[in-house]
Amino acid sequence: FVIFECEGRPRTMPGEALVEKVREVDWEKRTNSKRITAHRGETVFTAMLLSVINPKPEVAYVLMGHGEHNFTSGDEYTGYLDFKGLLEQNNVQVVPLALTGTNVVPTDCNLLIIAGPVTTISSGELDKIEQYLNEGGRLLALLNFATRDRTRGLEAILEKWRVQATDSIVTDPKNSINSIKVAPGEDV
């Protein structure tokens, strides 16, 4: 194990956290072993250093209620579990947020994530998001292909911050699960 300490705040990390392993089973020999597939040292060390330097984790709130991507699902198309894990690895706590009723963006919000809303965000919710941004808040807005021909309500707020949400598509066929066919002359 490795011990990290800053100003009397120790954290320990088991040695096996430094590597990623995959289980291999040889059915003929009836053996079961684990093989190292990746070294995670830099990532794990960075996360541990962040956690001892700043013992209070940053907080990212994830807007819910509009068909956004699911931060608790590992589904390869709609799940953001790996993204959530990456945030947590870097000392960022991920908390779901509904802006319905009298709920506002909490004051401890370091980052508001809106991950691919499918349905339109109400004007009341948009007002709360805009107030949060006007008070110095940070936003990660992810818009997806499934709703490219519809507005989600965020477009006007994004434009005020000089961010233009268009219907253009960015593709990377070599690294995509499935390629999108684009007609000649269509924006890519």
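Computed with a 1.4 Å probe over protein heavy atoms only, the accessible surface of segment 1-107 comes to 69 Å² per residue.
If you count Lys pairs in the chain whose Cα atoms are under 27 Å apart, skipping same-chain pairs closer than 8 places in sequence, the total is 10.
Placing a pseudo-label 7 Å from each Cα along the Cα-to-Cβ vector at Asn70 and Gln131 gives an inter-label distance of 3.2 nm. For the pair Asp108 and Ser122 in one chain, pulling the backbone fully straight at 0.36 nm per residue adds 2.7 nm over the alpha carbon distance.
Leaving out ligands, DNA and RNA, what percent of the accessible area of the chain is carbon and sulfur, probe 1.4 Å?
Values: 6560 of 12660 Å².
Within the chain, the accessible surface is 52 percent carbon and sulfur.
Which whole-number percent gives the relative contact order of segment 54-94, counting Cα pairs below 8 Å spaced six or more residues apart?
For segment 54-94, the relative contact order is 43 percent.
Dipole size of the chain about its Cα centre, with +1 on Lys/Arg Cβ and -1 on Asp/Glu Cβ: approximately 500 debye, rounded to the nearest 20. What share of all Cα pairs of segment 19-70, in percent, falls into each consecutive 5 Å distance bin? Bins of 5 Å from zero give 4, 14, 11, 11, 11, 14, 14, 10, 7, 5, 1 percent of pairs. Kindly express, to the nearest 10 degrees and within the range 0 to 90, the angle between helix 41-53's C-alpha long axis and the longest C-alpha principal axis of the chain. Its long axis makes an angle of about 70 degrees.
Where both bridge residues fall in the chain, DSSP classifies roughly 50% of the beta bridges as antiparallel. Here the simple spin-label model places points 7 Å from the Cα toward Cβ, and for Ser33 and Glu88 these points are separated by 3.1 nm. If you run the Gaussian network model on the chain, springs between alpha carbon atoms under 10 Å, then out of Ile157, Ile169, Ile121 the most flexible one is Ile169. In plain terms, the chain from Asp167 to Val19 could stretch by 49.2 nm, reckoned as 0.36 nm per residue minus the Cα-Cα distance.
For the chain, pairs of C-alpha atoms spaced more than 26 angstrom apart make up 50 percent of the total.
Quick one: work out Rg over Rh on the C-alpha atoms of segment 54-103, Rh as Kirkwood radius.
Values: Rg = 12.1 Å, Rh = 11.8 Å.
Result: Rg/Rh = 1.03.
Principal-axis analysis of the Cα atoms of the chain puts helix 123-134 at an angle of about 70° to the longest axis.
The values are calculated or read from the model by the stated rules, or taken from the named source; none is laboratory data. Computed from a prediction, not measured in an experiment: that's the story for all the values here. Heads up, the Cβs are rebuilt from the backbone with ideal geometry, glycines too, and the neighbour counts pull from every protein chain shown. All accessible areas refer to the heavy atoms of the entire protein, side chains included, with ligands and DNA or RNA removed. Shrake-Rupley method; radii C 1.70, N 1.55, O 1.52, S 1.80 Å.
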